[in-house]
Amino acid sequence: MIPVTPLSTESPSALAGDISERLNAAIREHLLSAFAPDSTKTLREFSAPEVAELLGVSGQFMRKVHAEGTVPEPQENRGGRRYYKAQELWDARHVLEQSSRKAGRYVPRRSESERLQIWQLMNFKGGSSKSTTTIHLAHYFALRGYRVLAVDLDPQGSLTSMCGISPEIEFDGLTVYDAIRYDDPVQMSEVVVRTYFPGLFLAPSRLLLSEFETESAVHSSPDQPFFTRIRNAVAQVEDDFDLVLMDSPPQLGFLTIAGMAAASSLIVPLTPSMLDVSSTAQFLELAGAYMEVIEDAGASLQYDHFKFLITRDEPTDVPSQQLTSFMRALFQDRVMSATALKSTAISDATMLKQSIYEVVRAEMTRSTYDRAKASMDAVGHEVERMVHEAWGRT
């Protein structure tokens, strides 16, 4: 336990420093006990019905390929019921793909002629569920066989934490800052780390990334403009991925704008409240002005999709539903059809640094879990459809 002593009363600055030091020490102690440095975040196992659904086949088909020896039996078998590790699911996809008559049936990765999809989630209103949506999309696509790179552009590192690395506990690895800094940047391949989630890789973040804002104000020039830094870094690992998901900080600074210049599509998550809608309107007014400035400076901004996503949706809340209807009437198909529900299942999972896909259904109220998962599945499916549309697939 951290000893509790009276806070400083010398001056406001001393008090603030004392509070900060005490909080940081308490947070560090809590994290070290909850997430020991030598522990590794792991992913739950998936039941046979879940695996069949993810592969798009029947349970009978799975029993058949196991009996034939086409797909190895999973290691875990409890009372005659098969449970699959995520890696076993990933391996099964590749085995089945080899014998499939239709290319991409089980491993739907992009072809050489299909452009890498880079999706940025952005809004400068905190609490709009940017990080929560990003991690759910990352897990959705990874479970379906895509090669996903999550890029954490927020110095607070929420996405990094969700991927199993705690920025609050200093780690020795490189971060996305090291790939985009002006002074001797490293290759993006040195930054990207494999996560515990098969198919998902991460370019992590921590507080040091905020230095990019200061450095860009000083070092950005026509010879090395700030808005090319992220695009060039991602291009270095382009061949290794199908989809890049970028989580932006809750501000319209150099990082967010550089992300906009790198993106092929944008999603603006917002909650259905008048304050958030008004804040988003101001954000997009500024974003539009900055887009014009960097286009004049030589950037080429072309987006396959520019969408709003309603988050923390409450179907029984009349005012929020009226505001959602208002947004749909005003922007029509710019507002995604699917919404991310406000759910205790998602909130509880997020508190444990998990997505709904990592939670064991039996550990929650099943109806609550099912509604939350169906909501995030619908969001993922709609984004997947837009990705395929950008690739020219039918």
Per DSSP, loop GluC sites (Glu not before Pro) in the stretch 111-196 with at most 14 further Cβ within 10 Å: E112, E170
Which percent of Cα pairs goes in each bin when the distances of the stretch 50-151 are cut into 10 angstrom slices starting at zero? 13, 38, 27, 17, 5, 0
How far is the Cα center of the stretch 73-100 from the Cα center of the stretch 272-326, in Å? 41 Å
For a protection proxy built on the mean count of beta-carbon atoms within 10 angstrom, sort 369-376, 70-77 highest first, please. 369-376, 70-77
With the full set of protein chains in place, find how many percent of the accessible area of the chain is carbon and sulfur; take the probe as 1.4 Å. 52 percent
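Which percent, nearest 5, of DSSP beta bridges in the chain are antiparallel?
Restricted to the chain, the bridges split so that about 20 percent are antiparallel.
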Relative contact order for the stretch 44-122 using alpha-carbon pairs under 8 Å, separation at least 6, rounded to a whole percent? 27 percent
Rounded to a whole number, the Stokes-Einstein D of the stretch 327-394 in µm²/s (Kirkwood radius over Cα pairs; 37 °C; 0.692 mPa s) is 243 µm²/s
Where a ≥ b ≥ c are root eigenvalues of the Cα gyration tensor, a/c under 1.5 meaning rounded, otherwise prolate if a/b exceeds b/c and oblate otherwise, the stretch 66-217 counts as prolate
Debye intensity ratio in log₁₀ form over the Cα atoms of the stretch 208-257, taken at each q of 0.26, 0.29, 0.32 Å⁻¹: -1.09, -1.19, -1.27
Give, in nm to one decimal, the length gained when the segment between F61 and E238 is fully stretched (0.36 nm per residue of separation minus the Cα-Cα distance). 60.2 nm
Note the angle between two axes, namely the Cα long axis of helix 318-331 and the longest principal axis of the Cα atoms of the chain, as a number of degrees from 0 to 90, rounded to the nearest 10. 90 degrees
For the stretch 79-220, give the magnitude of the charge dipole about the Cα centre (Cβ charges: +1 Lys/Arg, -1 Asp/Glu; no others), in debye to the nearest 20. 1380 debye
How big is the chain in terms of Cα radius of gyration and Dmax, in angstroms? 22.2, 76
Here the convex hull volume per residue of the stretch 272-336, taken over Cα atoms and given in Å³, is 86 Å³
Rg over Rh of the stretch 306-347, using C-alpha atoms and the Kirkwood radius, what does it come to? 0.99
Descending packing, highest mean Cβ count within 10 Å first, for 282-292, 236-246 is 236-246, 282-292
Going by Cα centres, the stretch 352-394 and the stretch 136-213 are how many Å apart? 22 Å
Trypsin sites (Lys or Arg not before Pro) restricted to DSSP loop in the stretch 39-104 with at most 10 other C-beta within 10 Å: R101, K102
Rolling a 1.4 angstrom probe over the protein heavy atoms, how many square angstrom per residue are accessible across the chain? 49 Å²
Rank-order 258-264, 104-110 by packing density, defined as the average count of other C-beta atoms within 10 Å over each peptide's residues, highest first. 258-264, 104-110
Check cross-link reach from K353 to the lysines: straight Cα distance under 27 Å, and skip same-chain residues fewer than eight apart. K41, K85, K125, K130, K307, K342, K373
Counting only residues 5 or more apart in sequence or on a different chain, those whose built amide H sits under 5 Å from that of D313 are A340, L341, K342
As straight-line cross-link partners of K64, the qualifying aspartates and glutamates (C-alpha separation under 20 Å, not fewer than 8 residues apart within one chain) are E50, E53, E73, E76, E88, D91, E97
Using a 7 Å offset from Cα along Cα-Cβ at E363, what residues in the stretch 53-96 end up with backbone N under 20 Å from the label point? 76-78, 82-89
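Starting from the Kirkwood Rh over alpha-carbon pairs, what translational D in µm² s⁻¹ does the stretch 139-188 have by Stokes-Einstein at 37 °C and 0.692 mPa s?
Result for D is 262 µm²/s.
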On each of the three principal axes the extent of the alpha-carbon atoms of the stretch 182-283, given in whole Å and largest first, is 43, 39, 25
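Rounding to the nearest 20 debye, state how big the charge dipole of the chain is about its Cα centre with +1 on each Lys and Arg Cβ and -1 on each Asp and Glu Cβ.
So the magnitude is around 1780 debye.
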Cα extents of the stretch 183-229 along the principal axes, largest first, in whole Å, come to 40, 22, 17
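The values are calculated or read from the model by the stated rules, or taken from the named source; none is laboratory data. Note that this is a predicted model, so its numbers are computed, not measured. Ideal geometry is used to build each Cβ from the backbone, glycine not excepted, and the neighbour counts take in all protein chains shown. Quick note on the areas: whole protein, heavy atoms, side chains included, nothing else; ligands and nucleic acids left out. Shrake-Rupley method; radii C 1.70, N 1.55, O 1.52, S 1.80 Å.
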